[in-house]
Amino acid sequence: MQASETKLKQVMADVFGVPAESITDNASVDTIEKWDSLNHMKLVLVLEAEFGVTLSGAQSVEILSYPLIKSVLAEHRVICG
């Protein structure tokens, strides 16, 4: 696993208050209990700060799972998709 993926998993774990090991390809708004609208906005802000990117409104709305977040970060060339 690349360092950027490890960083992403840790960011998500910190935002949602879950162990980093629980962030898998199945991690999504449907599988993480604390993934509510407030924590989603916190996730967007932390991702932008940690990875030095600015997410568009559309990207901010579409990142509803670990694979989708990886895909968006790949578009910004900060993680391999």
* Name the one entry in T24, T31 that is without any contact (Cβ under 8 Å) to a residue 12 or more places away in the chain and open to solvent by 20 Å² or more (accessible area, probe 1.4 Å). => T31
* To do: Just name the residue that is farthest from T6 (Cα to Cα) out of those in region 50-61 that are open to solvent by 80 Å² or more (accessible area, probe 1.4 Å) and in a helix (DSSP H, G or I).
  => V61
* To do: Tell me, please, whether a residue that is in a loop (DSSP other than H, G, I, E, B) and either of a type outside the set (V, I, T) or at pLDDT below 95 (or both) can be found in region 38-47.
  => no
* Within region 62-80, tally of residues that are under 13 Å from the mean Cα position of the chain (by Cα), in a helix (DSSP H, G or I) and free of Cβ contacts under 8 Å to residues at least 60 places away in the same chain -> 7
* To do: Can you run down the residue pairs with Cβ atoms below 6 Å, 6 or more apart or on separate chains, where the first is in region 1-17 and free of Cβ contacts under 8 Å to residues at least 12 places away in the same chain and the partner is open to solvent by less than 10 Å² (accessible area, probe 1.4 Å)?
  => A13/I23
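This table checks each residue for (1) surrounded by fewer than 16 Cβ atoms within 10 Å (Cβ to Cβ); (2) of a type in the set (V, I, T).
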| site | (1), (2) |
| --- | --- |
| L8 | no, no |
| G17 | yes, no |
| L43 | no, no |
| I63 | no, yes |
| I69 | no, yes |
* Check R77 against each of (1) open to solvent by 80 Å² or more (accessible area, probe 1.4 Å); (2) on the phi < 0 side of the Ramachandran plot; (3) not polar (S, T, N, Q) and name the one condition it does not meet. => (2)
* Looking at A13, is it in contact with a Pro (Cβ under 7 Å, 6 or more places away or on another chain) and part of a helix (DSSP H, G or I)? -> yes
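The values are calculated or read from the model by the stated rules, or taken from the named source; none is laboratory data. Here the structure is a predicted model, which means the values were calculated and not measured. Note that we place each Cβ from the backbone using ideal geometry, even for glycine, and neighbour counts take in every protein chain shown. Accessible surface is based on the protein model in full, side chains and every heavy atom, while ligands, DNA and RNA are left aside. Shrake-Rupley method; radii C 1.70, N 1.55, O 1.52, S 1.80 Å.
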